Structures are given as structure tokens and as C-alpha cells.
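Novice: Dumping the structure here so I can ask a few things about it.
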Amino acid sequence: MKQSRKQKNFMQLLILNLIIILTIIACFIYLGRYKVVVVDNIAINIRSGPGVSYDVQTQAKKGDHLTVLSKKNQWYNVRLSDNSTGWVASWLVEQGNANSSTNVDATVNTNGTKLRESGSTDSQVLATLKNGQKVTVTLEQNGWAQVEVGKKEGWINASLLDVTSKTGTNTATTTKGATSIAEATIVLDPGHGGADPGAESTDGKLFEKNMTLSTVKIVKEKLEKLGANVVLTRSSDTFVSLSNIAEISNNAKADAFISFHFDSSENANEASGTTTYYYNDANKNLAADVNKYLAANLPLQNRGYEFADYQVLRENKRPALLLELGYMNNDSDVASIKTKAYQKKIATAVVAGLKDYFK
Ligand SMILES: [Zn+2]
């Protein structure tokens, strides 16, 4: 039987609608399975594995779409627009995270670009740069890029820069050394806590557990400003067992673990100063880097760095240190230890040491 014209039109319309509906469903299934993230920083490193120790194989630029295929230890396995795949630190691409330290090469794209003291148009102009000037981006924050130009350091509006090292074939991005703290997971352990007060001052009023926690909070803040992913073994006055502490570091796949302590000697006021401890020989470099700045920054005597068989280090499979940052039962050491100024100096030193370590 011959279809009427009306019937034929109806059938065509039905098929067309069906196709549209199926396409929409397919899209939803696809989008539901794969999360797509848009790069919001000038550039981020794409690595061959889920961790900062893996080689940089390429970089993704601002505006690039990355399809998230899987997640492992806070790293995303992503597919890039050219269909290659790699790993990116999840905190670099997650929404609301405007921080990224990148160490990428870039060029100024506008004549008369101002290099400023800070990331604001109100801040002092340090230099005026020409179109084509090469710079190294060390940090990006709120649309501003912190850059190194020769020996100068300052801030440039990120829209005035073009990234030049997209392929990551230069030494600045292919070695672990040139990458930064921004991609690293740092586990900080404020020693003792809860029922375990640690060492105490000679007047019995100050406890190690409180000094370690307030110090770690300052270190955390400084590291987060640089874009690092910071994990604390405790953030309040609670007790965490030594084996759990090492486990937190192992589970977080820490790029560095640092345990903070203040010492005690058998008799009051008989010992003074700071010591840096490592367990694995492989962590000697980390110990040297951090201790160098403790020696330079702190008013207390530096007793150097050495091997020690502490459980939080021995059971740690990650690069790990334990710092003894002065003697609780030395009145002169405690006069420093209890001050925010001293704790800030510790934080500055630790951050500087880690910066060197990740270079
Ligand atoms: Zn201790």
C-alpha cells in the first residue's frame, strides 16, 4: 500500500527526532563518564606518571581541554587535544585553585609591558619590557604571573605573556629539577599531640606538642601560597600513632615528609640547638637542602644533619626528614621556640629548603 504524503512526512519527522534524542543521550553518557577540565593557568606540566618525580612529557596551555580518564593519588590521567595521554596534578586543574607554579618559558607579547612589584596594577613598576622579551614564569595567581627576567623578579599581567615552552623539550621543563613545589604533595607532621605532650619547658608550662602544631600551621600556609598540596598528620591537639604517621605519608605519596619536634636533654639547660635527621641515604640531599636554611635562618646553634632510626622515618617510603628545632628544657632555646617570630623563621627555612630540593 502506498503511504500518503502526510504519513511519509510524519515518519521522516519521527526518525529525525529519534536521531536527535539518541545523540543527546549518547552525549550525556559520554559526558557523564568523562570529566573535562579546562586549564586555567598559563601552562601546567603533563607528566608520564602520577607524581612530581615523573618526567614532564609536555605542557597544557591556558584554555586547553583535558579529558580526565582516571584518578590516582590526587593525580588525573588525562587525554590531551592531540589524543596523547599523561598525568596532571589534580589540584592544579581543579576549580577554584588559582595557584600554579610552573617554571615555564614565556615571551612578553606587548610593547611597554610593566614588570611590577606585586600582582596588582597599584604596585610599583620595576621595569618596562619590550615585545618579545623572554621571561620565566615561576608562579601564577589571580591572572598575574610571577616572572624572572634576567636577575629581576616581578609580576606581569598573565594576558601579556605567550608560552614558548609548550613541548617541554627544553631542560627547564624536562628535568625534575626545574619543576616546582606547586605540583608537590608535602606531608607535615607536628610531633606528639593529645595525651602525648612531648618534651616540656623547665617551668612545666610549655609543651612540645603545642609548639610543633603552631609551627606546622605556619609552614602549611607558606607552602600553600606556592601552590603545594599540603597534608597534615594532625591539625588539632590529637594523638596519632607513629605507624599511622608513616602510613599517612605513604598513602599520600608524599613528595616530601617532614616531622617537626623540639628536643629534650637529660638535664635541663645542658644542650642547645637544632638537628636534622634522615633515615634513608637517598634522603641526604633533602636533609642537606633543608638544614642549610635552618643553619642560615635560625638564631640557635645548628648541629647539622645526620642519620637516625626514628619510626616515622624508617617506615616511611617517601622522602622524609625529622627536625629537632631546639631544646624545650633549655630556657634560652625556649625563649625563642615559643615566639611566632622563631616559628616563622623555621617555616621560611623549610620552604626555602624544599624549593631547592624540588629544583
Ligand atoms: Zn618530639
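Novice: Determine if region 301-315 includes at least one residue that is out of contact with any Asp or Glu (no Cβ under 9 Å at 6 or more places or on another chain), more than 15 Å from the ligand (Cβ to nearest atom) and without any contact (Cβ under 8 Å) to a residue 12 or more places away in the chain.
Specialist: No, the conditions are met nowhere in region 301-315.
Novice: Would you mention how many residues in region 186-211 are in contact with a helix residue (DSSP H, G or I) (Cβ under 6 Å, 6 or more places away or on another chain) and buried (at least 20 other Cβ atoms within 10 Å of the Cβ)?
Specialist: 11
Novice: Cβ-Cβ distance below 6 Å, separation of 6 or more or different chains: which pairs start in region 189-203 with a residue that is touching a residue at least 12 places away in the same chain (Cβ under 8 Å) and end on one that is among the basic types (Lys, Arg) and within 10 Å of the ligand (Cβ to nearest atom)?
Specialist: Matching pairs, first to second residue: 192/209; 193/209; 197/209; 198/209.
Novice: Any residue in region 116-137 that is in contact (Cβ under 8 Å) with a residue 60 or more places away in the chain and not assigned by TED's automatic domain parsing to the domain that holds residue 43 sitting within a Cβ distance under 6 Å of a residue that is surrounded by 13 or more Cβ atoms within 10 Å (Cβ to Cβ) and assigned to a loop (DSSP other than H, G, I, E, B)? List the pairs, counting only those 6 or more apart or interchain.
Specialist: Close Cβ pairs satisfying both conditions: 137/42; 137/102.
Novice: So, in region 188-198, how many residues would count as being away from the ligand (no atom under 12 Å from the Cβ) and small (Gly, Ala, Ser)? Step through it out loud before you land on a result.
Specialist: As a first pass, look at region 188-198 and keep what is away from the ligand (no atom under 12 Å from the Cβ): 188, 194-195.
Among the residues that remain, those that are also small (Gly, Ala, Ser) are: 194-195.
Result for region 188-198: 2.
Novice: Name the pairs: first residue in region 251-269 and closer than 9 Å to residue 321 by Cα, second residue away from the ligand (no atom under 16 Å from the Cβ) and charged (D, E, K, R), Cβ to Cβ under 8 Å, at least 6 apart or on different chains?
Specialist: Listed pairs, sorted by first residue: 256/318; 257/318.
Novice: Would you check which residues across region 232-264 are of a type in the set (A, V, I, L, M) and either within 16 Å of the ligand (Cβ to nearest atom) or surrounded by fewer than 19 Cβ atoms within 10 Å (Cβ to Cβ) (or both) and list them? If you could, list the steps in order and put the result at the bottom.
Specialist: From region 232-264, those of a type in the set (A, V, I, L, M) are 232, 240, 242, 245-246, 248, 252, 254, 256, 258; that's our starting set.
Selection gives 232, 240, 242, 245, 246, 258.
Novice: Mind listing whichever residues of region 199-213 are over 29 Å from the mean Cα position of the chain (by Cα) and within 12 Å of the ligand (Cβ to nearest atom)?
Specialist: Within region 199-213, 199, 200, 207 meet the criteria.
Novice: Here's a follow-up. Could you run through region 178-229 and say how many residues are outside any helix (DSSP H, G or I) and of a type in the set (Lys, Arg)?
Specialist: Kept after step one, since they are outside any helix (DSSP H, G or I), are these residues of region 178-229: 179-180, 184-207, 226-229.
Restricting the remaining residues to those that are of a type in the set (Lys, Arg) gives 205.
The number of residues fulfilling the criteria is 1.
Novice: Within region 282-303, identify whether any single residue is hydroxyl-bearing (Ser, Thr, Tyr), in contact with a Phe, Trp or Tyr (Cβ under 9 Å, 6 or more places away or on another chain) and buried (at least 18 other Cβ atoms within 10 Å of the Cβ), and answer yes or no. Walk me through how you get there before you give the answer.
Specialist: Filtering region 282-303 down to residues hydroxyl-bearing (Ser, Thr, Tyr) leaves 293.
If we keep only those that are in contact with a Phe, Trp or Tyr (Cβ under 9 Å, 6 or more places away or on another chain) too, we end up with none.
Scanning region 282-303, I find no residue that is hydroxyl-bearing (Ser, Thr, Tyr), in contact with a Phe, Trp or Tyr (Cβ under 9 Å, 6 or more places away or on another chain) and buried (at least 18 other Cβ atoms within 10 Å of the Cβ), so the answer is no.
Novice: Next question. Residue check, residue 331 against (1) without any contact (Cβ under 8 Å) to a residue 60 or more places away in the chain; (2) away from the ligand (no atom under 16 Å from the Cβ), all met but one. Which one?
Specialist: Result: residue 331 fails condition (1) only.
Novice: A follow-up question, please. If you go through region 49-87 one residue at a time, how many are more than 27 Å from residue 187 (Cβ to Cβ), modelled with pLDDT under 85, part of a strand (DSSP E or B) and charged (D, E, K, R)?
Specialist: Within region 49-87, residues that are more than 27 Å from residue 187 (Cβ to Cβ), modelled with pLDDT under 85, part of a strand (DSSP E or B) and charged (D, E, K, R) number 1.
The values are calculated or read from the model by the stated rules, or taken from the named source; none is laboratory data. Being a predicted model, the structure only gives us computed values, none of them experimental. Positions of Cβ are backbone-derived with ideal geometry, glycine not excepted, and every protein chain shown enters the neighbour counts.
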